[in-house]
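Here you go, one structure.
The values are calculated or read from the model by the stated rules, or taken from the named source; none is laboratory data. What you see is a predicted model; the values in this text were computed from it and never measured. Reconstructed Cβ throughout: ideal geometry from the backbone, glycine too, with neighbour counts over all protein chains shown. Ligands, DNA and RNA are stripped out before the accessible areas are found, and what is left, the full protein with its side chains, is counted by its heavy atoms. Shrake-Rupley method; radii C 1.70, N 1.55, O 1.52, S 1.80 Å.
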Amino acid sequence: MNPLHTINGFEAIFQHSPEAVCFAPGRVNLMGEHTDYNGGYVFPCALHLGIYGAAIRRTDRMLCFFSANFPHTGMVTYSLDDLALKGCWADYPVSVIRAFAAFGYPLSSGMEVYFSGDLPDGAGLSSSAALEVATGVLLRSLFALPLTQQELALIGQFAENRLIGVNCGIMDQFVCAMGQSGHALLLDTNTLSYQYVPLEQADLVIVNSGVRHSLASSSYNDRRRECETARAALEVPTLCSLTEETFADRCHKISDETCRRRAHHVVTENQRTLRSAQALRQGDLAAFGCLMNASHASLRDDYEVSCEELDFLVDTARSLSGVYGARMTGGGFGGCTVNLMEPNTTEPFASAIQNAYQMRYHRTPFIYPVRIGNGAHTIDY
Ligand code: GLA
């Protein structure tokens, strides 16, 4: 896709040109799953797939939203004087507008906004974070607000936590705002300090199981509560303040066996994330792949957020040549796998995995060979 689609779409719907155009990427997480709300490290990257937005201010207090990805919803309208959510996709940009007000930036006028994108919705590639951050970039540009990329990420997370009601961590919005082309981003979610690590020697392929993932209605918030129970029993500020050794010494304090396994995943995943960044810096892709495989096993067995289809895709991938490692990515309960591949091996991989999945589940998985793109930005046109 390119921004022209979005500009043309905006002009067809609103009958004039937009004032601001932007792009916000989806993300794939390479390592560090369910560590971001436990004070740990994550290692995602921004994708070249994402959401384009185009917008113009209005002179009244009306907000008009249209998404080419949800054409059946038609135009969704709100007034700045009544921003009650309506139970549709436009609740995301509206929640960001409410979050801007909560951060001290109430909008002075309404606007017209058009979105379109090539990011599959509900697949665990952070289409909601992309929509939130895209909205933030448009608002900042239209109203000339002095906000940094990191602040846009925090406002997006606030909207998702407090208004949409998904208690997510900061990973998705952060990498959507801060990603850098050709690099994975190692983020310490405890301090928000980060480093970019080049990832140029391998290809990334995402396979979408087609199993619909819905964070809001899934067990995501339950997992957070289980981690909190474990953290309180261990009397530590965050689960990720423990090493595998200190956890082993203390884990008997967690009386509930399920909570103990959840915490075991978090502590080991955090260590794997640090090791994987180190492996990548040293160009040791085989070691990186082994860590990905171990991460998947931990998510499947200790954290129980995988599903049969994801396990099948991961097992199949590992039997194919050219694959350094494979794991589910994102919150889980469906969605996608991420595969770290030797360069130029993606075509035979894609057809082999498509055939195997088709035979087993009688449907075709979508395969996305992806490039690592930049964080959200405005586009001059
Ligand atoms: C979702 C959340 C993130 C993170 C992942 C799991 O993507 O939005 O904050 O918790 O799940 O790693």
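Using 0.36 nm per residue of separation minus the Cα-Cα distance, give me the extension gain between N344 and T148 in nm, one decimal.
66.8 nm
Moving to a separate point now. What do you reckon, how do M359, M75 stack up by accessible area (1.4 Å probe), largest on top?
Highest to lowest solvent-accessible surface, that is M359, M75.
222 nm [θ] for the chain, helices only, -39500 (n - 2.57) per DSSP H run of 4+, per residue, to 500?
-12500 deg cm²/dmol
Expressed in nm to one decimal, what extension gain is obtained for the pair K253 and L192 from 0.36 nm per residue of sequence separation less their Cα-Cα distance?
19.0 nm
Please state, to two decimals, what the Cα-based radius of gyration of the range 200-370 comes to when divided by 2.2 N^0.38 Å (N = residues).
After normalising by residue count via 2.2 N^0.38 Å, the value is 1.11.
In the range 29-57, which residues have a backbone nitrogen under 20 Å from the label point lying 7 Å from S17's Cα in the Cα-to-Cβ direction?
52-57
Taking the 0 to 90 degree range and rounding to the nearest ten, how far is the long axis of helix 91-102 tilted relative to the main principal axis of the chain, both from C-alpha atoms?
80 degrees
Would you mind checking the tilt of helix 308-318 against the longest principal axis of the Cα atoms of the chain, expressed as 0 to 90 degrees and rounded to 10?
In the chain, helix 308-318 runs at an angle near 70 degrees to the longest axis.
Could you tell me the center-to-center distance, by alpha carbons, between the range 299-370 and the range 98-146 in angstrom?
What the calculation gives is 31 Å, centre to centre.
Roughly how many Å² is the accessible area per residue of the range 234-298, as a whole number, for a 1.4 Å probe?
Computed with neighbouring chains in place, this is 43 Å² per residue.
Could you work out how much longer the chain between L85 and S319 gets when fully extended? Use 0.36 nm per residue separation minus the Cα distance between them, nm to one decimal.
Roughly 79.6 nm would be gained on extension.
So, one more: First compute the accessible area of the chain with a 1.4 Å probe, then give the percent of it belonging to carbon and sulfur atoms.
Carbon-and-sulfur percentage of accessible area, whole number: 49.
Enter the accessible area of M171 (Å², nearest 10), with the probe set to 1.4 Å and all protein chains included.
Accessible surface of M171 is approximately 10 Å².
Could you grab the relative contact order for the range 200-370? Cα pairs under 8 Å, six or more apart, rounded to a whole percent.
35 percent
Follow-up question, since we're still on this one. With charges set only on the Cβ (+1 for Lys and Arg, -1 for Asp and Glu), what does the dipole of the chain come to about its Cα centre, in debye to the nearest 20?
I would put it at about 200 debye.
What area, in nm² and to one decimal, does the C-alpha convex hull of the chain cast on average over all directions?
Result: a mean projected hull area of 18.6 nm².
Separate question: In whole percent, what relative contact order does the range 1-154 give with Cα contacts below 8 Å and a gap of six or more residues?
29 percent
Given points 7 Å out from each Cα along the Cα-Cβ axis, report the E304 to H72 separation in nanometres with one decimal.
The answer from the label model is 3.3 nm.
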